[in-house]
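The values are calculated or read from the model by the stated rules, or taken from the named source; none is laboratory data. Predicted model, so just to flag it, every value in this text is computed and none were measured. No Cβ is skipped: glycine too gets one built from the backbone with ideal geometry, and neighbour counts run over all protein chains shown.
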Amino acid sequence: MATKQLVFEQKPKWIMALNDSLIMIKRSSRHIIRNTDQLLGTFFQPIMFLVLFSTVFGGAISMALPKGVSYLDFLMAGIIVQTVAFGSTTTALAVCNDLQKGIVDRFRSLPMANLAVLNGHVISDVFRNAISTVVMILTGLVIGFRTHASFVDWLVITGLLLLFTLAFSWLSAIMGVVAKSVEGVQWLGFVLVFPLTFASTAFVPAEGMNRVLRAFAENQPITQIVEAVRALMLGTPTGNHVWLSVVWCIGMLVISVPVASWLFRRKTTN
Amino acid sequence: MAQSEYVIEAKKLQKSYGSNQVLKGIDLKVERGTMLALLGPNGAGKTTTVRILSTLLGFDGGSVTVEGHDVVKQADKVRSVIGLTGQSAAVDELLTGRENLVMMGRLYRLTADSAKARAQELLEEFDLVKAADRPAKTYSGGMRRRLDLAVSLIATPPVIFLDEPTTGLDPRSRLAMWDIINRLKEQGTTILLTTQYLEEADQLADKIVVIDGGRVIANGTANELKSKIGNDRLQLTFKDQKTFQKALTALGKTVIDTNGKDFMATIVIKDTNSDVKKVLETLSDAQIPIASMDIHKPTLDDVFLSLTGTQKAANTEETK
């Protein structure tokens, strides 16, 4: 059937496995642009949240904030982390979608590294979240957000956010494999991420919370990231937040990567 | 390694889901360059068998080799020589037809240039050039199936599995699909096809294996099976007693059954084309008009009734 001779790659196995992941990243990244519904979410949801939160809550909450800190400046770190956390559930949707449709079977019948499918979704999710974050920061600057962060601080912020979205996307991949339907994924994402982001210092200081909630809020990973990013943006001392964030994220990765991979392998071989 | 005579070989294949045994010892052999049709009703175990043969599914007993490679121990080697087209078109709906083809080609380890050239070739061959740069979600059912099949041919694998490639297609798309499958066969590809349609197996396959309830209940060429099941019957109706009698005289011994009340004669036909033509020629030579004409094909139901019937009879004989 082939009129021309086909040429196959002759490279070591690990290079081909890496190549498979690159191909799948390209695939999933194309989805970012092609999936117009999701594209709206990527661009407009962060803008909407930022404007709504800062204008609706701004007046009331600013009274609880330290002197000289505007609510917009306080909110910026929180809303970015919240958006990234919600954005990571796209990985779960994409993984679940692939499993529901026959396409995973096709991939599995190819001589490729199967985990490339997960890598593709996770990494493209990092891209998508990066877009949302940049959109939010630009919008923030337009409506009055001012930062004291130095260039190095921004590098640290970028690194922290990348690590965080990577960790959350891998956790999200587990949801995608486990869930039985796309609707299930959406609810699971909502039920897990919503309380985590709201019972944190993303939107309000923890001082006003009751004792139990406050103990939870002050020690959970979202708060660590929010506090680290916020301190870097405001130019205040970061305390333990930066390294605790790194520890949390690496911890999440150490658990979620092998678990997601194992579950994915198991789900697709039976 | 000496190449086995059979490209696909399954021996005593068994598979259970919990306590539900879906395959109860299936034996299959497919010779190089031939097409085997796995014929059976829904739930017979067709898809399970294909999934096992194409390395997607594990099994509990028996052995399977494809091109001499064990599907469990040498899954990667098997994957590089097979193409699979499943029941649900497994293409990425957000990617264009061309992007799907190139991506799958790259995953088959083709170089970028080779994958692109081959994609173009397949788009032309499968009549998808116009739609090549549109997302696959805008394709019709028939186009999607064609793309799906094209994707599984991207690296011209010598072995192809087609799991119900025409289920749910309209008649025109089905014919187009048959055409493509026949061309593949001419090119020497070894093909295993599953179908619920007797006609499809008859049209395409060299050999047919009929399975039901996880067991092989018959196998052979289409003709061998047909002679087991019985042939097509041509029913001719005439408008009155006079023409009816004249027709009976003209057709002579070929008539196996008559119904004098409805002026109806039944004729067994072995070859639809030549036999029907012969009957029509005989009647027109004798200037006998036909009121209506009907061909009854043995349906899949007939096949199973007759096959399961004979098997039961054989079993009772054995126990005697």
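Restricting region B:61-97 to residues that are more than 12 Å from chain A (Cβ to nearest Cβ) and charged (D, E, K, R), the residue that is surrounded by the most Cβ atoms within 10 Å (Cβ to Cβ) is B:67. Of all residues in region B:196-225, those that are without any contact (Cβ under 8 Å) to a residue 24 or more places away in the chain have Cβ atoms under 7 Å from Cβ atoms of residues that are among the charged types (D, E, K, R) and not in a loop (DSSP other than H, G, I, E, B), 6 or more apart or on another chain, in B:219/B:207; B:220/B:207; B:221/B:207; B:222/B:202.
Yes/no per residue for (1) of a type in the set (S, T, N, Q); (2) surrounded by 19 or more Cβ atoms within 10 Å (Cβ to Cβ); (3) touching a residue at least 60 places away in the same chain (Cβ under 8 Å):
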{"position": "B:6", "(1), (2), (3)": "no, no, no"}
{"position": "B:14", "(1), (2), (3)": "yes, no, no"}
{"position": "B:17", "(1), (2), (3)": "no, no, no"}
{"position": "B:21", "(1), (2), (3)": "yes, no, yes"}
{"position": "B:24", "(1), (2), (3)": "no, no, yes"}
{"position": "B:32", "(1), (2), (3)": "no, no, yes"}
{"position": "B:35", "(1), (2), (3)": "no, yes, yes"}
{"position": "B:39", "(1), (2), (3)": "no, yes, yes"}
{"position": "B:44", "(1), (2), (3)": "no, yes, yes"}
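Would it be correct to say that residue B:107 is at pLDDT below 90 and more than 22 Å from residue B:185 (Cβ to Cβ)? No: the conditions fail for residue B:107.
Specify which of the listed residues (B:151, B:129) is in contact (Cβ under 8 Å) with a residue 60 or more places away in the chain, on the phi < 0 side of the Ramachandran plot and either of a type outside the set (Gly, Ala, Ser) or touching a helix residue (DSSP H, G or I) at 6+ places or on another chain (Cβ under 7 Å) (or both). Can you show your working first?
Working: B:129 fails: in contact (Cβ under 8 Å) with a residue 60 or more places away in the chain.
Within the list B:151, B:129, the selection yields B:151.
So that you can scan it fast, the table gives a plain yes or no per residue for (1) part of a helix (DSSP H, G or I); (2) in contact with a helix residue (DSSP H, G or I) (Cβ under 8 Å, 6 or more places away or on another chain):
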residue	(1), (2)
B:177	yes, yes
B:182	yes, yes
B:188	no, no
B:191	no, yes
B:200	yes, yes
B:203	yes, yes
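Look at residue B:156 and say whether it is more than 8 Å from chain A (Cβ to nearest Cβ), part of a loop (DSSP other than H, G, I, E, B), polar (S, T, N, Q) and out of contact with any Gly (no Cβ under 7 Å at 6 or more places or on another chain).
No.
When A:168, A:190, A:203, A:194 are checked against the criterion of being among the aromatic types (Phe, Trp, Tyr) and part of a loop (DSSP other than H, G, I, E, B), A:203 stands alone in meeting it. Any residue at all in region A:13-24 that is surrounded by 14 or more Cβ atoms within 10 Å (Cβ to Cβ), part of a helix (DSSP H, G or I), away from chain B (no Cβ under 11 Å) and under 17 Å from the mean Cα position of the chain (by Cα)? No, region A:13-24 contains no residue that is surrounded by 14 or more Cβ atoms within 10 Å (Cβ to Cβ), part of a helix (DSSP H, G or I), away from chain B (no Cβ under 11 Å) and under 17 Å from the mean Cα position of the chain (by Cα). Taken together, the residues in region A:214-258 that are buried (at least 16 other Cβ atoms within 10 Å of the Cβ) and either within 19 Å of the chain's Cα centre (by Cα) or outside any helix (DSSP H, G or I) (or both) amount to 23. Entry remark, region A:33-77: residues being surrounded by 15 or more Cβ atoms within 10 Å (Cβ to Cβ), among the aromatic types (Phe, Trp, Tyr) and over 22 Å from the mean Cα position of the chain (by Cα) number 1 in total. Are any of the residues in region B:235-256 modelled with pLDDT under 85, part of a helix (DSSP H, G or I) and of a type in the set (Phe, Trp, Tyr)? Taking every residue of region B:235-256 in turn, none turns out to be modelled with pLDDT under 85, part of a helix (DSSP H, G or I) and of a type in the set (Phe, Trp, Tyr).
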